[in-house]
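Throughout, read-outs are computed from the coordinates displayed, never taken from laboratory work. Everything quoted here is computed from the prediction, not taken from an experiment. Cβ atoms come from the backbone with ideal geometry, glycine included; neighbour counts cover every protein chain shown.
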Amino acid sequence: MAVVAVTGVTGYVGGRLVPELLAAGHRVRAVARNPGRLAGRDWAGRVELVTADAADLEQARTALTGVDVAYYLIHSLGSGRRFESRDRRTALTFARAAREAGVGRIVYLGGLHPDVPDLSPHLESRKEVGEILLASGVPTTVLRAAVILGSGSASFEMMRYLTERLPAMTTPRWVDNRIQPIAIRDVLRYLVASADMPPEVNRAFDIGGPEVLTYRQMMHRYAAVAGLRRRVIVRVGVLTPRLSSLWVSLVTPVPGPLARPLVESLVHEVVCKEHDIAAYAPDPPTGLLGFDDAVRLALARIQEADVATRWSNASVPGAPSDPLPSDPDWAGGSLYRDERRTRVAAPADAVWRVLQSVGGERGWYSWPLAWRVRGLLDRLSGGPGLRRGRRDPVQLSVDDVVDFWRVEEVVPGRMLRLRAEMRLPGLAWLELAVRPEPGGGSTLRQVATFHPHGLAGQLYWWSVAPFHGVVFGGMQRGMAAEAERLWAQTTAPSA
Ligand SMILES: NC(=O)c1ccc[n+]([C@@H]2O[C@H](COP(=O)([O-])OP(=O)(O)OC[C@H]3O[C@@H](n4cnc5c(N)ncnc54)[C@H](OP(=O)(O)O)[C@@H]3O)[C@@H](O)[C@H]2O)c1
């Protein structure tokens, strides 16, 4: 068992590495500039949390004292123009702090790059950071990866949004450059294995998945796995990296300062030149994870309808390919929400009686005509419409049908989550929940969530969004009024 310090724990890779290191039996010190951002992570109570800026020598030295292995999972790409000098300074400071603190090994995850003189600023900077750490005097492992496949990874999110939102696109020449992407699961395996390397190892290793693909092939394969129609990708010669990065920040929610250096790096072919890492972390018997399986895993969380984590901010104990609540807002694919809360004078049990009997004969408490028209449209397009009603007017269990919904979760007295089975260009859920208020009465919370499928899904959400106020707002007011009416009946003195 080693004492390991992990930097970048608030980030994509670091946040997923910590539970893997704990599982491997290490004592983990999580180093963050703002550990407050780690609240809600299920591993937060099992690690030592240390506040430190890696660019501050004193703080970094204190954070690394008594540490056997220090993970450097830091970059400042999104910070704008001068990211290279910022990253150089941080790496120099960290290297010195590690040496002075007597750290046994540094492990750094950088970028895979070709041996050419004119690298993009991003890849040049990743390379420079590796060289600084290798020259630190502390035995260092540099792992060099291209696109990491997993929900929350900036380069994966960029590809996800471009493919999902654009059925047809024009792209620069780089769309046919070769890339060797790698699944987050395999990256983490290599990072964990690096902790046990013997002291004489001080070198860089290329790490990549089992397939070399062009960006065009990755988008086609992503679309196939996600069940989208084949994308039309037309290569044109005139798009400069700058123009295409502007375009990417327009189409995707990945912030411009982060997207720009990543897009500029796509002009390079990034393919592994060696697989020496296998001497320290042999390939698993089933092989490294292929592109399609990695994408499937990244999409699984949403397709299994387990979106509750995005709502409740609970920590996800699942696979590293899953989204985490601490991921940036733009990660995890589009998920639109219409959330409403209202105070109700009636107690929670009266509100719950209304919630659990929604649909069927009772209807949906707002605009009955609009609901009937929606049901009719659904039937015309081959969906179940409203005709299925419900099995029991009061009781509900998981898997029960309620009109064009199916019950996905019931917490009696508190929460009901319905998953839409109507024909939609995406996945939709409706969650109804009630909470008692200390001063009396209760709060009714209603959340409609939509995960759009392709461009049609985006257009659908934005075309119905203007009516949400009327339909969902009216529904909430109607349910609150019904609960108050029921409550008044039970409290009225009998004649
Ligand atoms: N994601 C990919 O596809 C990919 C591909 C290849 C290689 N990599 C490499 O993997 C490493 C981790 O990347 P990532 O995707 O996990 O990045 P990320 O999600 O953007 O996280 C970056 C982390 O760096 C931290 N940080 C920045 N400056 C710091 C400082 N001065 N002191 C302490 N912490 C600091 C940030 O902390 P705050 O929360 O305090 O800002 C954040 O936790 C990078 O070296 C990257 O080049 C990533």
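Laid out as a table, the results:
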| quantity | calculated |
| --- | --- |
| Over the range 336-491, relative contact order from alpha-carbon pairs under 8 Å, at least 6 apart, % | 31 |
| Alpha carbon Rg of the range 3-312, scaled by the compact-globule rule 2.2 N^0.38 Å | 0.98 |
| Burial order of peptide ranges 93-100, 440-447 (average beta-carbon count within 10 Å, highest first) | 93-100, 440-447 |
| Whole-angstrom gap from the range 389-427 to the range 445-490, using each part's C-alpha centre | 15 |
| Helical contribution to [θ] at 222 nm, DSSP H n ≥ 4, -39,500 (n - 2.57), averaged over the chain, rounded to 500 | -11000 deg cm²/dmol |
| Sequence-distant residues sharing a close amide H with Trp405 (under 5 Å, placed H) | Glu421 |
| Residue order, fewest to most beta carbons within 10 Å, for Leu162, Leu49, Leu17 | Leu49, Leu162, Leu17 |
| Distribution of pairwise C-alpha distances over the range 248-298, 5 Å bins, in % | 4, 14, 12, 15, 21, 16, 10, 7, 1 |
| Nearest-0.05 FRET efficiency for Arg88 and Asp176, computed from C-beta distance (R0 35 Å) | 0.60 |
| Quotient of Cα Rg and 2.2 N^0.38 Å for the range 336-491, N being how many residues it contains | 1.03 |
| Cα-Cα pairs of the range 1-56 separated by more than 13 Å (percent) | 54 |
| Column: log10 I(q)/I(0), Debye, Cα scatterers of the range 194-263, q = 0.14, 0.15, 0.22 Å⁻¹ | -0.70, -0.77, -1.11 |
| Magnitude of the charge dipole, the range 3-312, Cβ model with Lys/Arg +1 and Asp/Glu -1, debye to 20 | 920 |
| Estimated distance in nm for a label pair at Tyr280 and Asp118, the labels positioned 7 Å out from Cα along Cα-to-Cβ | 3.4 |
| Extended-chain gain in nm, criterion 0.36 nm per residue less alpha-carbon gap, Leu22 and Arg379 | 123.4 nm |
| Under the span-like rule (Cα at least 27 Å along the axis, Kyte-Doolittle mean at least 1.0), DSSP H helices of the chain | none |
| Fraction of antiparallel bridges per DSSP, the range 3-312 only, in percent to nearest 5 | 5 |
| For the range 85-213, alpha-carbon Rg over 2.2 N^0.38 Å | 1.19 |
